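For reference, the structure is listed below as structure tokens.
The values are calculated or read from the model by the stated rules, or taken from the named source; none is laboratory data. Computed from a predicted model, the values in this text were never measured in an experiment. Here the Cβ is made from the backbone with ideal geometry for all residues, glycine too, and neighbour counts use every protein chain on show.
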Amino acid sequence: MAELASDGSSPDVGLLYDINGLAEDAPPWFDRVMGFAGEYGIMLAMVLVVLWCWWTVRRSGALTDSVSALAGIVWAPLAAGVALLVNIPIRGFVERPRPFEDHEGLEVLVEGKTDYSFVSDHATMAMAIAVALFVAHRRFGLAAIGLALAEGFARVYMGVHYPTDVIGGFALGTAVALLLAPLTLALLTPLVSAVARSRRGAWLVRSRRADAPDAARPEAVGIPEPRLGGPAEEGRDERGLAA
């Protein structure tokens, strides 16, 4: 139905040729690396970042911090799935062909792309995961956003998407991750808290070693901490200085 500008004079097409033209000048091995990275590698790296974030938050901070952060981490892949579902009717409405179907001279690095081009599924998933992860943990979220931007660039470099396909995917993934976050986190946080209180699933939320230093302290198990010295110590303040 609604068609986006696809003539050769549009900035969208011009930027497509500029970015994809880099593939023509690059050595064949680099194009193979970019093709794999854009199709599978960057998304795999995104999954590893999510797992690394989960491994980190369960071993640091307070229990409440681990619960809230893990709820955000669980929301990250769910946000990607919801964004993909939202993209189904968008693709059917726009019906934009792949750029190599309308433009000659493009260096296409992957074959078999027969579905519509707008919006990019890869860009949508990557940014949805990245933004949701940013809500849960800023440092890992920034790393994921960097990977999402690299994914968008790779899709244009590979000749399978217009730049506006990628920008639309970024916008869709961001909107889903942010707009639905309050509701989903409100539902996920009690669920994660219940898992943290369970005997079998607690390790998913909190590492046993994370609370070990506190458990080893005498006051943590109800044993009063021994007083140092005797009456001579009563006249000293908290820093050990004479009052």
Subset of region 36-51 [closer than 16 Å to Ala136 by Cβ and surrounded by 12 or more Cβ atoms within 10 Å (Cβ to Cβ)]: Met46, Val47, Val49, Val50
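For region 99-121, what are the residues that are charged (D, E, K, R) and either modelled with pLDDT under 90 or touching a His at 6+ places or on another chain (Cβ under 6 Å) (or both)?
Start the filter on region 99-121 by keeping residues that are charged (D, E, K, R), which leaves 101-102, 104, 107, 111, 113, 115, 121.
Within region 99-121, Glu101, Asp102, Glu104, Glu107, Glu111, Lys113, Asp115 qualify.
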Residue list for region 80-90, filter: among the small types (Gly, Ala, Ser) and either under 14 Å from Gly141 (Cα atoms) or without any contact (Cβ under 8 Å) to a residue 40 or more places away in the chain (or both): Gly81
Residues that are touching a residue at least 12 places away in the same chain (Cβ under 8 Å) and of a type in the set (D, E, K, R), drawn from region 140-197: Glu151, Arg155, Asp165
Residue in region 123-130 that is hydroxyl-bearing (Ser, Thr, Tyr) and touching a residue at least 40 places away in the same chain (Cβ under 8 Å) present: yes
Subset of region 94-111 that is closer than 17 Å to Val166 by Cα and assigned to a helix (DSSP H, G or I) - its residue that is farthest from the chain's Cα centre (by Cα): Phe100
Residue check, Ala130 in a helix (DSSP H, G or I), among the aliphatic types (A, V, I, L, M) and under 14 Å from Gly38 (Cα atoms): no
Among (1) closer than 18 Å to Gly168 by Cβ; (2) within 11 Å of the chain's Cα centre (by Cα); (3) surrounded by fewer than 18 Cβ atoms within 10 Å (Cβ to Cβ) - the single one Ala79 does not satisfy: (3)
Elements of type helices (runs of 4 or more DSSP H) in region 153-205, at least 1 residues being more than 19 Å from Pro97 (Cα to Cα) and basic (Lys, Arg): 181-197
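Counting only residues that are among the aliphatic types (A, V, I, L, M) and within 19 Å of Tyr40 (Cβ to Cβ), how many does region 154-176 have?
We begin by selecting, within region 154-176, every residue among the aliphatic types (A, V, I, L, M); these are 154, 156, 158, 160, 166-167, 171-172, 175-176.
If we keep only those that are within 19 Å of Tyr40 (Cβ to Cβ) too, we end up with 154, 156, 158, 160, 166.
Going through region 154-176 one residue at a time, the tally reaches 5.
Residue-wise test of (1) at pLDDT below 50; (2) surrounded by 10 or more Cβ atoms within 10 Å (Cβ to Cβ).
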site: Arg199; (1), (2): no, no
site: Ala202; (1), (2): no, yes
site: Pro213; (1), (2): no, no
site: Ala216; (1), (2): yes, no
site: Glu219; (1), (2): yes, no
site: Arg227; (1), (2): yes, no
site: Gly230; (1), (2): yes, no
site: Gly240; (1), (2): yes, no
